[in-house]
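Written out below as structure tokens is the structure these notes cover.
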Amino acid sequence: MGKNLAHKLIEQHLVSGVMQPGKEVTLKIDQTLAQDATGTMVMLEFEALGLPKVKTELSAQYVDHNLIQADFKNADDHLFLRSACRKWGLWFSRPGNGISHAVHMACFGIPGKTLLGSDSHTCAGGSLGMLAMGAGGLQVALAMAGLPFSLTMPQIIGVEVTGKLSPWVSAKDVILEMLRRYDVKGGVNKIFEYYGAGLANLSAMDRHVIANMGQEMGATASVFPADETVREFLRQQGREQDFVALHADANAHYDALDNLDLSKIEPMIACPSSPGNVVKVREVEGRPIYQCYIGSSANPGLRDFVIPAKMVEGREVPEEISLDINPSSRQVLEALSSSGDLNRLLEAGARLHQTGCNGCIGMGQAPASGRISLRTVPRNFPGRSGTKEDQVYLCSPETATASAIYGKITDPRAMDMDYPAFREPESLRDMRPLLLAPQEIPVAVELEKGPNIQPLPEFEALPEKLSGPILLKAGDNVSTDEILPAGTDILPLRSNIPAISHYTYSRIDETFYQRATQHGGDSFVIGGENFGQGSSREHAAIAPRYLGVRAVIAVSMARIHRRNLINFGVVPLLFKNADDLGQLNQDDTLSFSDLPSQLQNGHVVTAITGAGKSLELTHNMSDDEVATVVAGGLINYVRDNHLQS
């Protein structure tokens, strides 16, 4: 049997391990990506390693999340990140350049390379034939230091793509169809590899949409071949010399197979409040809306704005509708301006926002209470928009625009016009001159740390005996947005763990911080399936650990959050019997004896409940992961490795 492309990419970067699903492998990382909401922590972690410069082929730091400068905090962080990039040799993308994933794809994406990012949607890079994955910031910092990235070898799911999309159907509908099939946990420990004749009908930016939201299925990565479509994209960006043809062997083996006939897909929509709650648009037509929001890391291409511009030409959106336009990059904004498409949107009544993530991460553009917001963003977890008990739907630019025009959820196939034509420009502005390049000759740079930037907390090793209350009992599919929210009040505190910890689990239980500080000792959190889905934010592990949470026990866990818990000394345990979750309650106590030894000697761990009953738990950590959590976290574990500069 031949090799699939994912196996080829992994094999070319394999440092150690066996390429069998479920086994641990470590991979050489060529490129890293960080954004400002996670990047300040990455830089503080890299500083703790004491190295003079990064050791990757290329590392880049983007400012795209914390753009609202309501006070000094975000502005100070931007200066800190710029100084860190100058000090350690990273590319720096200043505020306004655009969303990290779109800019990185345009400036630095190269087929065949590995990319690790402290943002879960880094997987968008798979659109160019890269092995691109999200991870916690600490693992990105270690990759910047030249250390390999450790992960569980995933299964490779081959998805054969056939046919051609019908008018009014686009790439967002394709990935929503995949989410309808797999939901938010069906892709855990899997790589989705797309192949087949139908790919010729999907542009590089179409593929970006699909790869980006592969994360919402829980996937480790999504991989597309590097074919003539990718060559055309790189030529458009003035980087055709970076093209390398990559594809699976003709008789490639996959662990499982699926098929996507593009011609059979129709407009789809994810209803509140999960990306996996997908139905056909026609099933929810007619619901009155308040807001339509176009542009994000999940729909960043020029066509995603040009098609809406042509749809609204000569029309005005109803006065009660907010049509929000979020350009994904300066490149896209300039192209829209020069073509006249930006004016078409503005003349129809659209609101233009600054280039960046904005409302996708809850930084402005929150919808009105009790009103429906249609968004082309990747996530609609509860409250993520900034409005409590929001009603956010995920859809394509076509569906969002048609709905804005008619003031209600509308299948775009009902539009009274032909589907607008779009052709990618032969060339677009090279954005690399807009970024601050690394210094060729190292210079002495003082890190600029404002008062909001606080040192990393130090965490002690795992004790032999552990006892405390269950401070929180949660359900299924708890997201990192619910563990440690974003938004205009909270996101600026990302470099200040003591301050941001006040919001820990606040979306689930507003009393958690108060109860944790009143207890003042070790404690536990329990939950159901797919615990920790969503964002890669390691703050969702650091803040609970800072407040004394020593173990999280769940039925199953999302990949990145599980590893983040380990990285900061929180033990990720699983119920051996899922029914045991129902037998435990908040404020029950648990006790562990000889916990480090139990973890080291097998995969079954025994706890004693406050009622004196024995509770059997399991873990799926490797020996290195056990050693990391026993040491109190990854920084403690590598501190004695004496990394050479």
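Note on segment 494-525: among residues that are part of a loop (DSSP other than H, G, I, E, B) and farther than 22 Å from Pro382 by Cα, the one that is modelled with the lowest pLDDT is Ser495. Screening Ala348 against (1) surrounded by 17 or more Cβ atoms within 10 Å (Cβ to Cβ); (2) over 25 Å from Asn530 (Cβ atoms); (3) touching a residue at least 40 places away in the same chain (Cβ under 8 Å); (4) of a type outside the set (Val, Ile, Thr) leaves a single unmet condition, (3).
When segment 296-320 is examined, which residues are found to be surrounded by 22 or more Cβ atoms within 10 Å (Cβ to Cβ) and part of a loop (DSSP other than H, G, I, E, B)? Hits for segment 296-320 are Ser297, Ala298, Pro300, Gly301, Leu302.
Any idea which of Gly129, Gly125, Gly134 is surrounded by 24 or more Cβ atoms within 10 Å (Cβ to Cβ), in contact with a Cys (Cβ under 7 Å, 6 or more places away or on another chain) and of a type in the set (Gly, Ala, Ser)? Within the list Gly129, Gly125, Gly134, the selection yields Gly134. If you check Asp173, Asp183 for being touching a helix residue (DSSP H, G or I) at 6+ places or on another chain (Cβ under 9 Å), touching a residue at least 40 places away in the same chain (Cβ under 8 Å) and either surrounded by 24 or more Cβ atoms within 10 Å (Cβ to Cβ) or of a type in the set (A, V, I, L, M, F, W, C) (or both), only one passes: Asp173.
Only one entry in Leu138, Leu131, Leu116, Leu79 is touching a residue at least 60 places away in the same chain (Cβ under 8 Å) and over 16 Å from the mean Cα position of the chain (by Cα), namely Leu79. Looking only at segment 99-132, which residues are outside any helix (DSSP H, G or I), hydrophobic (A, V, I, L, M, F, W, C) and over 23 Å from Gly569 (Cβ atoms)? Within segment 99-132, Ile99, Phe108, Ile110, Leu115, Met130, Leu131, Ala132 meet the criteria.
Before we move on, is Ala607 more than 18 Å from Leu484 (Cα to Cα) and not in a helix (DSSP H, G or I)? Against the criterion (more than 18 Å from Leu484 (Cα to Cα) and not in a helix (DSSP H, G or I)), Ala607 qualifies. Scanning segment 85-98 for residues that are within 20 Å of Gly356 (Cβ to Cβ) and either out of contact with any helix residue (DSSP H, G or I) (no Cβ under 8 Å at 6 or more places or on another chain) or part of a helix (DSSP H, G or I) (or both) returns a single hit, Cys85.
Residues that are in a loop (DSSP other than H, G, I, E, B) and polar (S, T, N, Q) were ranked within segment 437-481; the one that is nearest to the chain's Cα centre (by Cα) is Asn477. Among the residues making up segment 1-37, those that are out of contact with any His (no Cβ under 7 Å at 6 or more places or on another chain) and among the basic types (Lys, Arg) are Lys3, Lys8, Lys23.
Any idea which of Tyr406, Tyr419 is among the aromatic types (Phe, Trp, Tyr), farther than 22 Å from Pro288 by Cα and surrounded by fewer than 24 Cβ atoms within 10 Å (Cβ to Cβ)? Every option except Tyr419 fails the conditions.
Here is the figure for segment 58-68: residues that are out of contact with any Ser or Thr (no Cβ under 7 Å at 6 or more places or on another chain) and at pLDDT below 90 total 2. Can you spot a residue in segment 381-402 that is surrounded by fewer than 24 Cβ atoms within 10 Å (Cβ to Cβ), aliphatic (A, V, I, L, M), under 26 Å from the mean Cα position of the chain (by Cα) and not in a loop (DSSP other than H, G, I, E, B)? Scanning segment 381-402, I find no residue that is surrounded by fewer than 24 Cβ atoms within 10 Å (Cβ to Cβ), aliphatic (A, V, I, L, M), under 26 Å from the mean Cα position of the chain (by Cα) and not in a loop (DSSP other than H, G, I, E, B), so the answer is no. Of all residues in segment 32-44, none are modelled with pLDDT of 95 or more, surrounded by fewer than 23 Cβ atoms within 10 Å (Cβ to Cβ) and either in the same structural domain as His121 (by TED's automatic domain parsing) or closer than 15 Å to Leu115 by Cβ (or both). Only one of the numbered conditions (1) surrounded by fewer than 24 Cβ atoms within 10 Å (Cβ to Cβ); (2) closer than 16 Å to Trp91 by Cβ is not met by Pro52, and that is (2). Count, please, the residues in segment 494-514 that happen to be of a type outside the set (D, E, K, R), surrounded by fewer than 21 Cβ atoms within 10 Å (Cβ to Cβ) and touching a residue at least 12 places away in the same chain (Cβ under 8 Å). Of the residues in segment 494-514, 7 are of a type outside the set (D, E, K, R), surrounded by fewer than 21 Cβ atoms within 10 Å (Cβ to Cβ) and touching a residue at least 12 places away in the same chain (Cβ under 8 Å).
You will find that of Asn585, Asn620, Asn577, the residue that is part of a loop (DSSP other than H, G, I, E, B), of a type outside the set (Val, Ile, Thr), touching a His at 6+ places or on another chain (Cβ under 8 Å) and assigned by TED's automatic domain parsing to the domain that holds Asp481 is Asn620 and no other. Taking interchain pairs and intrachain pairs at least six residues apart, which have beta carbon atoms under 6 angstrom, with the first residue in segment 584-613 and of a type in the set (Gly, Ala, Ser) and the second exposed (fewer than 15 other Cβ atoms within 10 Å of the Cβ)? Hits for this filter: Ser593/Lys465. Residue count for segment 1-26 under the criterion of being crowded, with 16+ Cβ neighbours inside 10 Å, part of a strand (DSSP E or B) and touching a residue at least 24 places away in the same chain (Cβ under 8 Å): the result is 4.
Yes or no, residue by residue, for (1) in contact with a strand residue (DSSP E or B) (Cβ under 7 Å, 6 or more places away or on another chain); (2) hydrophobic (A, V, I, L, M, F, W, C); (3) over 16 Å from Ala350 (Cα atoms):
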site	(1), (2), (3)
Val377	yes, yes, yes
Pro382	no, no, yes
Thr387	no, no, yes
Cys395	yes, yes, yes
Ala400	yes, yes, no
Ile405	no, yes, no
Pro412	no, no, yes
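Cβ-Cβ distances below 6 Å connect the following pairs, each with a first residue in segment 467-480 that is assigned by TED's automatic domain parsing to the domain that holds Gly528 and on the phi < 0 side of the Ramachandran plot, a second residue that is buried (at least 18 other Cβ atoms within 10 Å of the Cβ) and among the basic types (Lys, Arg), and a separation of six or more residues or different chains: Thr480/Arg537.
Across segment 538-591, the qualifying residues are those that are over 23 Å from the mean Cα position of the chain (by Cα) and on the phi > 0 side of the Ramachandran plot, and the one among them that is surrounded by the most Cβ atoms within 10 Å (Cβ to Cβ) is Gly548.
The values are calculated or read from the model by the stated rules, or taken from the named source; none is laboratory data. Because the structure is predicted, anything quoted here is derived from the model rather than measured. FYI the Cβ positions are ideal-geometry reconstructions off the backbone, even for glycines, and counts take in every protein chain you see.
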